[in-house]
């Protein structure tokens, strides 16, 4: 008598095998360091042997996965956790606080990030005749979704290209289109289609975010930004907060503080110079807001970060 597994059990087993294969591939690629910026455009692999404290960072439009371990991302008051069963998708640039919450030397955190472009998503929507999303209120520019076997298989093929780098220029764009397609038809596909659809409110907010990212040192005039998005100031403010969990002023403030932190850490600027560089007129205000975001005044925070870097 032949014992047959139920369809769901077969699917779960196949999913588990696919995750295990990705664990082996990423572990092999990251043996020599915590970050591996690959030869595939936009693809990075990560490894960490222990949990981390909260770290600020900018999430770009991308899919992130943790094939082993788990990571938590804070966006405003919202919390997102992704692991081997859930991916994180980000459709616009967002300032966040991130923390690896599951990792150990025996089972290190192993993850990946693949960036994508909204123009590529729009083109794929047209090429594949995917339906335009129904008009709706702007939703968060970040969400988690359930990992599927076709998505895992496509990502595995992308990582397999790293051992055949001569094939990357031809095959990587094809596989990336498949990954985007899997996302568009998955449980978070409507969110992506909404933001990639030219003329939608979400698309207009995404353009405003791009402008802020480039011009965050300039004084913020909500009326001008709302006019660019072809909305009233109140409507713009509402949709901006709906997508980013932050007001435009809070968004700009986080961009400024994160850039100031980078200038002090990487370019050895003092706090006052970095503050003026990113658009602050008052060093004392800068120090207060820096302390509120990063949990320590600028000098102490940068000293701690450098000590951690030296220890590693």
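Among the residues of the range 216-263, write down those that are in contact with a helix residue (DSSP H, G or I) (Cβ under 7 Å, 6 or more places away or on another chain), surrounded by fewer than 14 Cβ atoms within 10 Å (Cβ to Cβ), free of Cβ contacts under 8 Å to residues at least 24 places away in the same chain and not in a helix (DSSP H, G or I). The answer is 232, and nothing else.
Among the residues of the range 187-199 satisfying the criterion of being within 20 Å of residue 246 (Cα to Cα) and either touching a helix residue (DSSP H, G or I) at 6+ places or on another chain (Cβ under 8 Å) or outside the structural domain of residue 119 (by TED's automatic domain parsing) (or both), which is modelled with the highest pLDDT? If we take residues in the range 187-199 being within 20 Å of residue 246 (Cα to Cα) and either touching a helix residue (DSSP H, G or I) at 6+ places or on another chain (Cβ under 8 Å) or outside the structural domain of residue 119 (by TED's automatic domain parsing) (or both), then 192 is modelled with the highest pLDDT.
Going residue by residue through the range 123-136, is there one that turns out to be part of a strand (DSSP E or B) and more than 21 Å from residue 43 (Cα to Cα)? Among the residues of the range 123-136, not one is part of a strand (DSSP E or B) and more than 21 Å from residue 43 (Cα to Cα), which makes the answer no.
Within the range 264-277, the set of residues being in a helix (DSSP H, G or I) and free of Cβ contacts under 8 Å to residues at least 60 places away in the same chain comprises 264, 265, 266, 271, 272, 273, 274, 275, 276. If you go through the range 21-53 and keep only what is in contact (Cβ under 8 Å) with a residue 40 or more places away in the chain, more than 19 Å from the chain's Cα centre (by Cα) and under 27 Å from residue 178 (Cα atoms), you end up with 21, 22, 23, 25, 27, 29, 30, 39.
Looking at this structure, is residue 158 outside any helix (DSSP H, G or I), at pLDDT 90 or above and over 18 Å from the mean Cα position of the chain (by Cα)?
Working: outside any helix (DSSP H, G or I): no; at pLDDT 90 or above: yes; over 18 Å from the mean Cα position of the chain (by Cα): yes.
It is false that residue 158 is outside any helix (DSSP H, G or I), at pLDDT 90 or above and over 18 Å from the mean Cα position of the chain (by Cα).
One residue alone among 155, 101, 121 is surrounded by fewer than 22 Cβ atoms within 10 Å (Cβ to Cβ) and assigned by TED's automatic domain parsing to the domain that holds residue 39, and that residue is 101. Being crowded, with 19+ Cβ neighbours inside 10 Å and not assigned by TED's automatic domain parsing to the domain that holds residue 80 is a description that does not apply to residue 172. Among residues that are under 22 Å from residue 75 (Cα atoms) and assigned to a loop (DSSP other than H, G, I, E, B), residue 192 is not included. Given the condition surrounded by fewer than 22 Cβ atoms within 10 Å (Cβ to Cβ), within 20 Å of residue 24 (Cβ to Cβ), touching a residue at least 60 places away in the same chain (Cβ under 8 Å) and assigned by TED's automatic domain parsing to the domain that holds residue 142, answer yes or no: does some residue in the range 54-69 qualify? Among the residues of the range 54-69, not one is surrounded by fewer than 22 Cβ atoms within 10 Å (Cβ to Cβ), within 20 Å of residue 24 (Cβ to Cβ), touching a residue at least 60 places away in the same chain (Cβ under 8 Å) and assigned by TED's automatic domain parsing to the domain that holds residue 142, which makes the answer no. If residue 109 satisfies every condition in (1) surrounded by fewer than 20 Cβ atoms within 10 Å (Cβ to Cβ); (2) out of contact with any helix residue (DSSP H, G or I) (no Cβ under 8 Å at 6 or more places or on another chain) but one, which is the exception? Unmet condition: (1). Residues that are farther than 23 Å from residue 83 by Cα, in a helix (DSSP H, G or I) and in contact with a strand residue (DSSP E or B) (Cβ under 9 Å, 6 or more places away or on another chain) occur in the range 164-181; there is at least one.
Select from the range 101-121 the residues that are assigned to a strand (DSSP E or B) and within 23 Å of residue 259 (Cβ to Cβ) and write down the one among them that is modelled with the lowest pLDDT. Spell out the reasoning first.
Let us first name the residues in the range 101-121 that are assigned to a strand (DSSP E or B), namely 101-102, 109-115.
When the remaining residues are screened for being within 23 Å of residue 259 (Cβ to Cβ), the result is 113, 115.
Working: 113: 97, 115: 94.
Filtering first and then ranking leaves 115.
Does residue 175 satisfy the condition of being in contact with a helix residue (DSSP H, G or I) (Cβ under 6 Å, 6 or more places away or on another chain), modelled with pLDDT of 95 or more and under 20 Å from residue 124 (Cβ atoms)?
yes
The values are calculated or read from the model by the stated rules, or taken from the named source; none is laboratory data. What you see is a predicted model; the values in this text were computed from it and never measured. FYI the Cβ positions are ideal-geometry reconstructions off the backbone, even for glycines, and counts take in every protein chain you see.
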